[in-house]
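Structure first, then comments.
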Amino acid sequence: NGKDKQVLLDLQRTVSTTVLAGVQEMSFVRLGWGGDDGALLAKALPLCHTLRILDVRYNNISGDGAAQLAAAVLAMPSIESFNNIPVKEMRADSFITLGLTHKNFGGVGCLVLAGLLPVMASLTSVSLLGNNLGPETVSMLLKLKAEKPALVSLCGLNPGQTEANFASGGLGPVDAQVLAPELAINASLTSLL
């Protein structure tokens with residue numbers, strides 16, 4: 001009857017809320033998720049008071065769902081790692097250089113990264129190559145780099161570096177869009193593979 005149904009729904013809500021409040025790690029890797037799934041997860045994250053690690057890599061979370069999920073992740077002070085991105089250390093401005101090559105953090109990871117870059121005053125170089133970034137994401141990251149003069153590289157290059165080896169990096173055309181502007185202005189490079 002209708003009364004039993006409401007009791008069961010209330011019980012399910014209580015159990016779900018209690019379980020989610022204590023979850024510390026969640027992995028939703030390779031589930032074929034899209035933007036709608038990302039939006040649903042974003043709505044549930046505020047219930048996860050102790051969540052430290054969240055991984056949604058190798059999905060296709062994009063559009064509004066990606067934006068909602070990134071905003072929810074950035075709003076959670078308990079998050080230490082999202083899609084292999086060291087969120088806790090980034091919030092603490094713990095890096096001068098940061099290697100994120102081949103982490104496969106996806107577009108939603110880039111949105112989280114973009115939200116953290118402004119608080120990282122010490123960061124001068126981050127390596128984002130090999131992450132299958134889309135052209136729109138690359139444009140956003142290049143714009144952020146232009147707005148942050150202390151950040152000299154999105155490819156892991158350092159000022160005064162004379163050699164760089166990208167030969168075994170499995171880089172694609174979009175990586176070339178990130179790399180090309182840096183190679184054009186880095187006069188110290190004398191050897192490039």
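The values are calculated or read from the model by the stated rules, or taken from the named source; none is laboratory data. It should be emphasised that the depicted structure is a prediction, and the values quoted were computed from it without experimental measurement. Positions of Cβ are generated from backbone atoms using ideal geometry, with glycine treated the same way; all protein chains shown enter the neighbour counts. The accessibility values were calculated without ligands, DNA or RNA, using every heavy atom of the protein model including side chains. Shrake-Rupley method; radii C 1.70, N 1.55, O 1.52, S 1.80 Å.
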ask   = open to solvent by 50 Å² or more (accessible area, probe 1.4 Å) and either among the polar types (S, T, N, Q) or within 22 Å of residue 47 (Cα to Cα) (or both) - does that describe any residue in the range 76-83?
value = yes
Residue in the range 145-172 that is most open to solvent (accessible area, probe 1.4 Å), counting only those that are among the hydrophobic types (A, V, I, L, M, F, W, C) and assigned to a loop (DSSP other than H, G, I, E, B) = 167
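Every residue, every condition in (1) in contact (Cβ under 8 Å) with a residue 12 or more places away in the chain; (2) out of contact with any strand residue (DSSP E or B) (no Cβ under 9 Å at 6 or more places or on another chain), yes or no:
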position: 38; (1), (2): yes, yes
position: 48; (1), (2): yes, no
position: 56; (1), (2): yes, no
position: 60; (1), (2): yes, yes
position: 81; (1), (2): yes, no
position: 89; (1), (2): no, no
position: 108; (1), (2): yes, no
position: 124; (1), (2): yes, no
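Which of the following residues is within 17 Å of the chain's Cα centre (by Cα), open to solvent by 60 Å² or more (accessible area, probe 1.4 Å), modelled with pLDDT of 90 or more and within 26 Å of residue 65 (Cβ to Cβ): 126, 119?
119
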